[in-house]
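Engineer: Got a structure for you, questions after.
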């Protein structure tokens, strides 16, 4: 009894009272005296296996809670539009996983309609869209605002400028984005030119911002793309801010009924910090 009390960090009289109270509650003895020692009864021997199993379950739950709290276990599933999913998110996720190596991470590039389905069906923790998409069971929250950039070759006459006026861009060989994956980018650029009374006759059209950067790198000219696509070409192309700025918005799509996990929330804060470094960045209030 003395050794048992020491292991439990209680006094020997307190342990004796615990046993007496247990036997009173059960209505039968759990121990019997034999040669000056306490020995478990047959009932106590049978109950011991149940108690061992219960304690093992509690221990597993405690370990599981610790693993989840310290990101040692769990998963993270994210959807994003092509430009964001191509370069910035893999880089940010790689650093996040390096600090939390047991995480299972899924990143998918997709159209906003697919994002809505993934979030609504709770197959994604959250999605980042360039449109304020809406659907039953999905909340769309304004995440960030930033400026598009004009990309040119390092030897181009715009490369040494801090900003380039939109009318000057219209005089160059302009590469338009197509109507599919980066349709939102094209629409915003078109509206900016139209609002300033500028007519642009681009002689090339590609489907993705990344493709536009590749075209500029190979053939010259200029294009207006989001900062994510331009970032992949840092060192090979030069970014120039436009005057007036061309503004893009990002939206966070998340489940209306399922709260985000601690893992998803932690990574979202890392993403917010990154978005704050973009040209003209301004977070949602």
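The values are calculated or read from the model by the stated rules, or taken from the named source; none is laboratory data. Treat the numbers as computed from the prediction; the structure is a model and nothing was measured. Counting neighbours? That spans all protein chains shown, and the Cβs are built from the backbone with ideal geometry, glycine included.
Engineer: Can you report the number of residues in region 206-231 which are without any contact (Cβ under 8 Å) to a residue 24 or more places away in the chain and either under 29 Å from the mean Cα position of the chain (by Cα) or part of a loop (DSSP other than H, G, I, E, B) (or both)?
Structural biologist: Number satisfying all stated conditions: 2.
Engineer: Between 47, 76, 15, which is surrounded by 14 or more Cβ atoms within 10 Å (Cβ to Cβ), over 30 Å from residue 186 (Cα atoms), modelled with pLDDT under 90 and in contact with a helix residue (DSSP H, G or I) (Cβ under 6 Å, 6 or more places away or on another chain)?
Structural biologist: Testing whether each residue is surrounded by 14 or more Cβ atoms within 10 Å (Cβ to Cβ), over 30 Å from residue 186 (Cα atoms), modelled with pLDDT under 90 and in contact with a helix residue (DSSP H, G or I) (Cβ under 6 Å, 6 or more places away or on another chain) leaves just 15.
Engineer: When region 29-44 is examined, which residues are found to be loosely packed, with under 10 Cβ neighbours inside 10 Å and in a loop (DSSP other than H, G, I, E, B)?
Structural biologist: 35, 36
Engineer: Anything in region 236-274 that is over 25 Å from residue 137 (Cβ atoms) and in a helix (DSSP H, G or I)? List them, or say none.
Structural biologist: Here is the first cut: in region 236-274, the ones over 25 Å from residue 137 (Cβ atoms) are 236-248, 270, 273-274.
Within region 236-274, 270, 273, 274 meet the criteria.
Engineer: Quick one: in region 80-123, of everything that is under 10 Å from the mean Cα position of the chain (by Cα) and in contact (Cβ under 8 Å) with a residue 60 or more places away in the chain, which residue is farthest from residue 251 (Cα to Cα)?
Structural biologist: Per the criteria, the residue is 96.
Engineer: Which of the residues spanning region 205-220 are surrounded by fewer than 20 Cβ atoms within 10 Å (Cβ to Cβ) and within 11 Å of residue 152 (Cα to Cα)?
Structural biologist: Within region 205-220, 214, 215, 217, 218, 219, 220 meet the criteria.
Engineer: Can you name the residue in region 143-185 that is within 20 Å of residue 110 (Cα to Cα) and part of a strand (DSSP E or B) and is also farthest from the chain's Cα centre (by Cα) among such residues?
Structural biologist: 177
Engineer: Still on this structure: Which of the residues that make up region 98-142 are surrounded by 13 or more Cβ atoms within 10 Å (Cβ to Cβ), part of a helix (DSSP H, G or I) and at pLDDT 90 or above?
Structural biologist: Hits for region 98-142 are 114, 115, 116, 117, 118, 119, 120.
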